[in-house]
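Enquirer: I have a structure I would like to understand better, so I am pasting it below and will then ask my questions one at a time.
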Amino acid sequence: MFTPDQVAALDAPLNKANVKERTQSGRTLSYLEGWMAIAEANRIFGFDGWDRETVDLRLLGEPRKVGDNMRVGYSCRVRITVRAGGQTIARDGCGFGSGIDKDVDQAHESALKEAETDAMKRALMTFGNPFGLALYDKTQANVQTSPPPLSGACLMACDLLKASKTPDELREFWGKNKDGLKRDLDPHEYAKCVEAMQAEAARLKPASQEAA
């Protein structure tokens with residue numbers, strides 16, 4: 001149902017840079033912010049490839065006084081529907097939100113938003129590590145530091161390598177540019193260029209050599 005690229009993205013470790021932490025009752029909790037979960041859904045499924053529906057939203061009791069403030073709580077159930085390969089996949093998640101404010105209307109608004117976001121994240125989490133599933137493992141073995149994005153110079157070099165139409169064109173381009181790339185790019189990016197060159201060399205290898 002999912003494309004190979006989507007499967008790879010869903011199976012990939014959670015980028016540690018996307019993880020936030022907060023202290024609650026003396027414990028440090030790791031979590032994914034709501035906007036990041038939405039951004040990851042857009043990146044993996046596509047902007048028009050998924051929907052979010054609030055299926056149920058309930059006020060948990062009447063507002064109650066807490067000091068000079070009013071406190072309210074809501075429970076929420078959100079359904080995430082993803083379109084993949086002509087099929088749809090639906091996952092539900094339940095969440096809770098609490099709002100405290102002197103203005104009871106503001107308390108309601110805060111609690112509503114928190115409950116809906118919490119439920120959305122729990123539904124998305126079922127799709128894999130990029131949505132926070134990795135955080136439920138106490139060892140967090142699938143939370144890793146991802147390498148920084150490749151620079152424009154590195155991406156351009158890889159694209160030019162892939163534009164080679166013959167082995168001779170590839171050898172010519174690599175011979176003229178490899179020293180400059182090694183000098184100007186960091187080791188990680190240069191290694192990516194080497195990988196791209198090797199992949200293109202294998203792709204352009206004449207059929208007679210492959211048979212040999």
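Computed from the coordinates by the stated procedures, all read-outs in this text should not be read as laboratory data. Note that the structure is a prediction, hence the values are computed from the model and not measured. Cβ sites come from the backbone with ideal geometry, for glycine too, and all protein chains shown count toward neighbours.
Enquirer: Of all residues being surrounded by 13 or more Cβ atoms within 10 Å (Cβ to Cβ) and among the charged types (D, E, K, R) in the range 58-90, which is farthest from Leu112 (Cα to Cα)? Just the residue, please.
Expert: Filtering the range 58-90 for residues that are surrounded by 13 or more Cβ atoms within 10 Å (Cβ to Cβ) and among the charged types (D, E, K, R), the one farthest from Leu112 (Cα to Cα) comes out as Arg83.
Enquirer: If you don't mind, there's one more thing I want to ask. Is it the case, given these coordinates, that Glu195 is assigned to a helix (DSSP H, G or I) and buried (at least 18 other Cβ atoms within 10 Å of the Cβ)? I'd like the intermediate steps shown before the answer.
Expert: Numbers: assigned to a helix (DSSP H, G or I): yes; buried (at least 18 other Cβ atoms within 10 Å of the Cβ): no.
Judged against the criteria, Glu195 is not a match.
Enquirer: Within the range 130-142, is there a residue that is without any contact (Cβ under 8 Å) to a residue 24 or more places away in the chain, assigned to a loop (DSSP other than H, G, I, E, B), of a type in the set (D, E, K, R) and surrounded by fewer than 21 Cβ atoms within 10 Å (Cβ to Cβ)?
Expert: Scanning the range 130-142, I find at least one residue that is without any contact (Cβ under 8 Å) to a residue 24 or more places away in the chain, assigned to a loop (DSSP other than H, G, I, E, B), of a type in the set (D, E, K, R) and surrounded by fewer than 21 Cβ atoms within 10 Å (Cβ to Cβ), so the answer is yes.
Enquirer: So which residues in the range 102-136 are touching a strand residue (DSSP E or B) at 6+ places or on another chain (Cβ under 6 Å) and either on the phi > 0 side of the Ramachandran plot or small (Gly, Ala, Ser) (or both), if there are any at all?
Expert: Passing the criteria: Ala107, Ser110, Ala111, Ala115, Ala119, Ala123, Gly132, Ala134.
Enquirer: Please name all residue pairs, on different chains or six or more residues apart, with Cβ atoms under 7 Å, provided the first residue is in the range 182-207 and is over 16 Å from Met156 (Cβ atoms) and the second residue is of a type in the set (Val, Ile, Thr).
Expert: Close Cβ pairs satisfying both conditions: Leu204/Thr166.
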